[in-house]
Amino acid sequence: MTRIDRLREASANQKKPANYAVFNQHNITYFANTSSATALLITENGENILYASTVNYEQAKAEAENVAVECLRRGENVLERIGKQVGSASLCVDVLSIESWRALGKALNGENRLEADSQLIRDLRKIKDPQEISLIREACRIADIGMKTAQEVIRPGIKEKEVAAEAEYAMRKAGSDGVAFDTIVASGHCCAYPHGTFLEKTIHEGDLVVVDLGAKWRFYHSDITRTFVVGKHSEKQAKMFEAVKLAQKSAFKATAPDVWAKDVDACARLVIAEAGFGDFFVHNLGHGVGLEVHEAPVLSPDSKDLLEVGNVLTIEPGVYLPGYGGVRVEDTVLVKEDGAEKLTLIPYTLSL
């Protein structure tokens with residue numbers, strides 16, 4: 001069964017319109033294996049039509065799977081094209097701006113023929129099929145190479161941006177299609193900022209250094225974070241590191257099918273609170289990873305997600321002391337029938 005067939009089945013089960021228009025680029029890639037299209041129309045008569053501009057038409061034809069590729073003429077409006085194709089039938093869409101929604105409603109002779117539902121595709125995408133898992137495994141393998149390189153080059157006197165450059169170069173040489181997100185290398189007091197990025201800062205002896213990076217492989221992402229100390233670590237640094245590492249271990253052990261994501265988050269949060277750092281764990285425990293580096297499911301105190309076999313997610317507890325520094329440990333993890341598997345494998349080493 002193709003992914004489009006799975007969407008048709010889910011739509012029918014929930015009594016949604018049989019015609020579905022996909023506009024989100026990641027969703028289009030999920031169904032058609034290309035990032036070179038403008039929209040995908042799945043029709044009630046069984047047609048799957050991918051619309052591409054004249055600039056991207058040939059590439060879309062070469063890459064696309066399970067769809068017929070049609071070219072949008074210069075100046076042609078894809079919404080009007082879809083309206084003509086659907087006619088007087090109802091249409092479900094994943095996402096549209098309000099302006100495009102009104103334009104599509106006009107093309108369909110009435111907005112009452114339109115229904116928005118992004119949840120159907122969200123639920124499909126959060127459970128990875130074997131092909132997706134294979135691609136994410138490769139992205140994780142490449143990310144491990146980037147992290148190992150970062151670990152090897154960190155030393156007193158090197159700039160944060162130099163570490164990032166070396167790690168990204170290593171991932172490119174290993175086959176990465178690019179970075180999953182802007183690489184984070186933050187040292188000293190700057191690693192108390194969870195999303196701190198490299199500026200002109202130089203790394204010094206005794207600094208905590210947080211490195212957060214990811215690779216891309218055939219549209220799919222990976223995500224890994226490690227924290228190091230340049231030289232000998234202090235007692236305070238070690239206490240922070242051990243609390244975060246134990247929180248990560250506790251959350252990973254709790255990760256399994258039919259477990260609420262908020263309960264996994266609570267496992268990590270409890271460990272960090274008991275270590276005296278509860279007020280300094282300031283973000284969610286983790287998030288899904290796939291075609292986007294942040295997608296479903298979400299691991300947070302208020303998450304509504306129930307973990308399932310095939311979820312790929314991050315577990316990334318952290319402690320951030322303003323004016324001092326921070327520690328984060330993160331792995332990309334696969335939920336399996338008997339628990340979970342770490343897909344990023346670089347050891348947790350504090351002192352360099």
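The residues C190, C140, when put in order of fewest to most other Cβ atoms within 10 Å, stand as C190, C140.
Overall, region 130-342 carries a charge dipole of about 560 debye about its Cα centre when +1 sits on the Cβ of Lys and Arg and -1 on the Cβ of Asp and Glu, all other atoms neutral.
Its Cα gyration tensor gives region 1-92 an equivalent ellipsoid; the semi-axes, largest first and in whole Å, are 21, 16, 9. I need the GluC sites (Glu not before Pro) found in region 323-352, filtered to DSSP loop residues with at most 15 other beta carbons within 10 Å of theirs. Loop-located and lightly packed - E337. Arranged from fewest to most other beta-carbon atoms within 10 Å of their beta carbon, L299, L108 become L108, L299. Write down the percent of antiparallel bridges among all DSSP beta bridges whose residues are both part of the chain, to the nearest 5. The answer is about 80 percent antiparallel. For region 5-70, trypsin sites (Lys or Arg not before Pro) meeting the loop criterion (DSSP other than H, G, I, E, B) and having at most 12 other Cβ atoms within 10 Å: K15. Label-to-label distance for R73 and S35 is 3.1 nm, based on points extended 7 Å past Cα in the beta-carbon direction.
Helix 3-13: angle to the longest alpha-carbon principal axis of the chain, degrees 0 to 90, nearest 10? Around 70 degrees separate the two axes. Candidate cross-link partners of K262 among the lysines, defined by an alpha-carbon separation under 25 Å and a same-chain spacing of 8 or more, comprise K126, K128, K245, K249, K253, K304, K336, K342. When region 3-125 is described by a simple charge dipole with +1 on each Lys and Arg Cβ and -1 on each Asp and Glu Cβ, the residue from L120, V22, L91 located farthest towards its positive end is L91. Which whole number in µm²/s is D for the chain by Stokes-Einstein, with the Kirkwood Rh taken over Cα pairs at 25 °C and 0.890 mPa s? Rounded to a whole number, D works out at 112 µm²/s. Of all DSSP beta bridges located in region 3-125, what percent are antiparallel, nearest 5? The antiparallel fraction comes to roughly 40 percent. When the Kirkwood radius is taken over all Cα pairs of region 95-236, what Stokes-Einstein diffusion coefficient follows at 20 °C and 1.002 mPa s, in µm²/s? This corresponds to a translational diffusion coefficient of 121 µm²/s. Given +1 at the Cβ of Lys and Arg, -1 at the Cβ of Asp and Glu and no other charges, the dipole of region 178-228 around its Cα centre is 260 debye to the nearest 20.
Values in this text are rule-based calculations from the coordinates and carry no lab data. Every value quoted in this text rests on a predicted model; they were computed, and no experiment measured them. Quick reminder, even Gly has a Cβ in these numbers, built from the backbone with ideal geometry, and neighbours come from all protein chains shown.
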